[in-house]
Amino acid sequence: MPIIAPSLLAADFLKLDQECTMLNESEADWYHLDVMDGRFVPNISFGPMIIEFIRKATTKVCDVHLMIEEPEKYAEQFKNAGADILTVHVEACRHLHRNIQQIKALGMKAGVAVNPHTPVSGLSDILHDIDLVCLMSVNPGFGGQKFIPYTLDKIKQLRKMIDDSGLKVHIEIDGGVTLENAPSIIAAGADVLVAGNTVFKSTDPKATIRQLKQL
Ligand code: DX5
Ligand code: ZN
């Protein structure tokens, strides 16, 4: 069964309490929390302060996706805010290995995210050090975009790399995941589905999460 990680970016922030209750009662596994700085991506979302509140509202895994420059400056703040998994973008890290070690030393699981244009082959030397690869299936910065189809080839390629090296690294797909395309994403080898609009804009979010979970 896939791990379902609804993205709070699509939630109603005026009703955050109710949105968290809904997720807690649902079969969602993780909370996917998108942090944007207006520099790495052309949008600004929320930071550690909001995550601290969300942390108090759930015991589920807080999967924090940093779309920010210089993530090493903020890793400790996100740890203190309650992040369980901290994912940084390969394109934002000049010293990716050092960033990963920092995240792990702080006691979090470490993830690496790659933009649609970034080849997964470049991850071969870091795979041993990380817990998760977040493959962006849209250009990061906004929810509600269309899934880029060639991501499926990247999933297959990455699945082979991970299996060949006998590692247990999650493959998380982020952007444009729907009930229609999720089966092919899972068939290609992904095991974590991020879903923002598909979950929160659905008329029955809990039922949608259940449907994703049962794929
Ligand atoms: C995009 C974010 C995604 C986004 C996904 O930059 O990283 O997590 O919230 O939203 P949907 O599922 O609506 O494409
Ligand atoms: Zn994300």
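The values are calculated or read from the model by the stated rules, or taken from the named source; none is laboratory data. Values in this document were obtained by computation on a predicted structure and should not be read as measured data. Don't worry about glycine lacking a Cβ; one is built from the backbone with ideal geometry, like all the others, and counts go over all protein chains shown. For accessibility, only protein heavy atoms count, side chains too; no ligands or nucleic acids. Shrake-Rupley method; radii C 1.70, N 1.55, O 1.52, S 1.80 Å.
So here's what we get for this one:
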| item | result |
| --- | --- |
| Cβ pairs under 8 Å, 6+ apart, first in the stretch 139-165 and open to solvent by 90 Å² or more (accessible area, probe 1.4 Å), second within 16 Å of ligand 2 (Cβ to nearest atom) | PHE142/ASN43; LYS146/VAL138; LYS146/GLY176; TYR150/PRO116 |
| Residue within the stretch 70-82 that is touching a Pro at 6+ places or on another chain (Cβ under 6 Å), within 12 Å of ligand 2 (Cβ to nearest atom), under 19 Å from PRO140 (Cβ atoms) and open to solvent by less than 20 Å² (accessible area, probe 1.4 Å) present | no |
| Residue count, the stretch 83-124 (criterion: open to solvent by 60 Å² or more (accessible area, probe 1.4 Å) and either among the hydroxyl-bearing types (Ser, Thr, Tyr) or within 14 Å of ligand 1 (Cβ to nearest atom) (or both)) | 2 |
| Selected residue (only one of LEU167, LEU215, LEU152, LEU158 is of a type outside the set (Gly, Ala, Ser) and modelled with pLDDT under 95) | LEU215 |
| Unmet criterion (only one of (1) hydroxyl-bearing (Ser, Thr, Tyr); (2) buried (at least 20 other Cβ atoms within 10 Å of the Cβ); (3) closer than 21 Å to GLU27 by Cβ) for THR178 | (2) |
| Matching option when the condition is assigned to a helix (DSSP H, G or I) and within 16 Å of the chain's Cα centre (by Cα), among LEU14, LEU9 | LEU9 |
| ILE51 vs. criteria farther than 28 Å from HIS117 by Cα and of a type in the set (Val, Ile, Thr) | yes |
| Odd one out for GLN101 among (1) more than 15 Å from the chain's Cα centre (by Cα); (2) more than 27 Å from HIS128 (Cβ to Cβ); (3) in a helix (DSSP H, G or I) | (2) |
| Members of the stretch 191-210 found to be near ligand 1 (Cβ under 8 Å from one of its atoms), open to solvent by 10 Å² or more (accessible area, probe 1.4 Å) and either of a type in the set (Val, Ile, Thr) or touching an Asp or Glu at 6+ places or on another chain (Cβ under 6 Å) (or both), listed by number | THR198 |
| Every residue from the stretch 43-66 that is away from ligand 2 (no atom under 15 Å from the Cβ) and open to solvent by 60 Å² or more (accessible area, probe 1.4 Å) | MET49, GLU52, PHE53, LYS56, THR59 |
| Helices (runs of 4 or more DSSP H) wholly inside the stretch 111-207 containing at least 3 residues that are closer than 20 Å to MET36 by Cβ | 197-200 |
| Selected residue (only one of ALA207, ALA188, ALA182, ALA195 is under 19 Å from VAL61 (Cβ atoms) and of a type in the set (A, V, I, L, M, F, W, C)) | ALA195 |
| The stretch 21-49: number of residues that are assigned to a helix (DSSP H, G or I) and either more than 25 Å from GLN101 (Cα to Cα) or touching a residue at least 60 places away in the same chain (Cβ under 8 Å) (or both) | 5 |
